[in-house]
1. Given the options B:Gly237, B:Ala196, B:Thr268, identify the residue whose Cα lies farthest towards the positive end of the charge dipole of region B:183-333 (+1 on Cβ of Lys, Arg; -1 on Cβ of Asp, Glu).
2. Per DSSP H run of n ≥ 4, the term is -39500 (n - 2.57); total these for the protein assembly as shown, divide by its residue number, and report the mean residue ellipticity at 222 nm rounded to 500 deg cm²/dmol.
3. Which of B:Thr257, B:Ala301, B:Phe321 sits closest to the plus end of the dipole of region B:183-333, meaning its Cα is farthest towards the positive end, when Lys and Arg get +1 and Asp and Glu get -1 on the C-beta?
4. Once you mark the chymotrypsin sites (Phe, Trp or Tyr not before Pro) that are in a DSSP loop and have at most 15 other Cβ atoms within 10 Å, what is the longest gap between them in chain A?
5. Quick check for the protein assembly as shown: number of Lys pairs with alpha-carbon distance under 29 Å, counting only pairs 8 or more apart or on different chains?
6. At 7 Å along Cα-to-Cβ for each site, give me the label-to-label distance between B:Val51 and B:Leu265 in nm.
7. Between region B:264-307 and region A:58-117, how many Å separate their Cα centres?
8. Can you list the DSSP H helices in chain A whose Cα atoms extend at least 20 Å along the helix axis and whose mean Kyte-Doolittle hydropathy is 0.5 or higher?
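The values are calculated or read from the model by the stated rules, or taken from the named source; none is laboratory data. Computed from a predicted model, the values in this text were never measured in an experiment. Reconstructed Cβ throughout: ideal geometry from the backbone, glycine too, with neighbour counts over all protein chains shown. These accessible areas exclude ligands, DNA and RNA; they are computed on the full protein's heavy atoms, side chains included. Shrake-Rupley method; radii C 1.70, N 1.55, O 1.52, S 1.80 Å.
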Amino acid sequence: MESPMERSPNDFRPVAPEYFTVKLIGWALNTALYLLIALVPLILRLFGVQTPNWLAIAPPLAVLLVALLVLRLLRRRVRALGYLEREEDLVVRSGVMWRKQLVIPYGRMQYVEVTSGPLERKYGLCKLTLNTASGSATAVIPGLGQRTGEDLRERLSAAGEAKML
Amino acid sequence: MTDQWQRVHPASPFVRGWVAIVGLAYIYWQNTNDLTLAERLSGERLRWTVVIGAGALLVVLVFYALSWYFTRYMITPSHVYVNSGMIFRSQKQARIDRVQGIEVAQPLVARLLGLAELHFDVADGSQSMLRLSFLRKADAQQLRALILDRAHAARGGQAQPDVPETEQAPHDVAPAGAAPETGVLMAKVPHGRLLASLFLRMPTIIGLLSALALGIMTLSGIGGMVAGLIPALLAFGGWFYKELNNSWNFSAAATDTGLRVSRGLADTRQQSIPAGRVQSIQVTSPALWRLLGWYRVEVNALGVGSQEEAQNLLVLPVGDFDAVARVMGILLPDLGVENQRKVLFTAINSGGEEHGFTLSPQRARPLSPGAWKNQGFLATDTTVITRYGWLARVTAFTAHNRVQGLMLRQGPLERRRQLAGLRIYSAGGTVTGYIQQVDAQIAGKFFEEQSRRIAGR
């Protein structure tokens with residue numbers, strides 16, 4: 001089916017494949033946390049507190065179900081991430097179910113940041129954020145290799161300055 | 001009165017500090033709650049009350065006096081300086097040629113005392129706003145005219161041969177371009193119309209209905225539900241008061257640079273909005289207003305008013321089509337089409353495809369029943385106009401060179417019907433252009449064209 005999002009998928013540069021591992025670890029931690037909360041009634045029952053059957057069983061099942069659905073989309077979500085440097089602007093693509101493409105002209109750029117959390121650092125990744133004067137028009141590209149991110153930042157800054165003059 | 005250090009009005013600390021005095025009184029009242037009035041006002045007790053009260057008052061007054069003593073300002077031909085603080089000294093300054101506009105604000109207490117403060121909009125990217133509080137209202141107005149005059153001269157505009165001293169009557173030296181105090185009146189909102197417009201809005205109707213329900217329930221003796229409705233009523237009251245306070249006595253006048261707006265019930269404020277700082281304009285028409293042909297106009301503007309308020313700048317609380325056309329004519333003089341008035345009418349009132357608007361196709365109907373016939377967009381030479389809504393209509397105008405970014409979006413249901421939406425972002429507020437569920441091919445093409453268009457400007 002024809003859609004504007006599939007216009008030129010191959011032109012977009014994908015993010016580093018290691019980013020999937022980072023997302024996977026994040027997913028596992030989140031799931032564990034939610035599961036722990038959902039298991040509270042069951043644990044209480046083991047300690048002899050009266051809890052209804054459904055309250056002991058339903059929450060962990062629901063959490064597992066949602067977690068598996070998210071897991072199914074995870075790889076595709078990472079694969080859907082991409083960016084495209086064009087002559088005048090940067091295009092960032094994301095989303096599997098809700099697809100988005102954000103375009104920001106280099107001339108509107110205010111500053112570019114490269115940040116990385118502990119988990120991302122472990123896998124040599126970073127996140128690039130491109131800010132404009134508008135809070136909503138902020139391009140975020142996660143899961144870039146350290147080197148790629150730094151280079152991209154340099155290129156974007158240079159392009160922005162050239163536009164400003 | 002300039003070029004040397006000046007003090008603000010002696011009553012200034014009281015405007016913000018009256019809470020302390022009220023607080024003291026309240027604490028006293030709370031701690032003696034168990035006594036009767038007669039006990040409070042007799043004998044030994046009275047003496048102690050008076051002594052301690054006077055002591056506390058003295059302390060507060062000393063602090064007021066010190067705060068006043070240490071607050072000074074100076075206006076030189078090139079800078080505005082404001083010093084304040086006794087222990088934590090703060091010295092702020094602004095270059096006069098960077099002053100974009102000055103707002104004269106009057107919080108409630110200041111207004112009762114006939115005082116006003118000046119807020120400086122300075123285009124130097126500093127986060128903290130320069131305020132000068134408080135002066136007598138007339139002095140504040142004069143100072144504002146003087147500083148704007150100097151700013152104008154410093155920027156190399158038609159420099160006044162001699163900067164007028166404020167001792168002279170300001171009218172004598174107010175040629176076009178110098179003092180934007182007088183301007184052509186563009187819109188004025190009579191009290192009756194403002195009240196009528198507020199009563200025709202959804203929150204008021206819901207508020208009144210819940211008040212009615214509250215009355216009926218109380219009368220018929222169902223007490224239990226009453227508690228649930230009270231928060232709703234309070235929220236409604238707060239909303240109503242805020243709207244009233246924001247829009248009361250509204251008037252907008254044209255100046256040589258843009259629009260000058262004055263409004264307020266308890267807190268009156270005057271703001272000048274240079275047309276060049278307007279990023280995006282939103283015209284809203286709530287459902288019941290459409291029967292009367294009324295609109296509300298808000299803008300995204302950079303560096304006007306305090307940015308902390310997460311609120312758009314109101315440039316017309318309620319007005320008919322002519323008023324909207326006049327205000328828009330100043331803030332967005334070039335719509336980029338031949339017959340601006342007709343296009344504006346199509347955009348905010350009649351809807352439809354005239355003048356080249358692109359609308360949602362019929363297959364968008366299940367996703368936005370009612371609204372699909374109205375939602376659409378038009379890109380002119382200078383501006384992109386977007387429109388959505390069914391009962392209430394919202395239209396946004398953003399000049400191409402003010403667009404900060406574009407987002408193309410497509411959800412799963414939209415994908416199945418080959419539809420897509422777009423968002424047009426601009427700076428300085430929450431006004432966003434929404435294009436909902438147009439044909440996916442058209443949306444993709446527009447995304448490409450528009451990104452090229454905004455990058456080129």
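1. Most positive-ward Cα: B:Ala196.
2. Calculated from helices alone, the mean residue ellipticity at 222 nm is -12500 deg cm²/dmol.
3. B:Phe321
4. Longest run free of exposed loop sites: A:99-165.
5. So the count works out to 18.
6. 4.7 nm
7. 35 Å
8. Numbers: long enough: A:18-38 (30 Å, 1.15); A:53-80 (41 Å, 1.23); A:146-164 (27 Å, -1.17).
Span-like helices in chain A: A:18-38, A:53-80.
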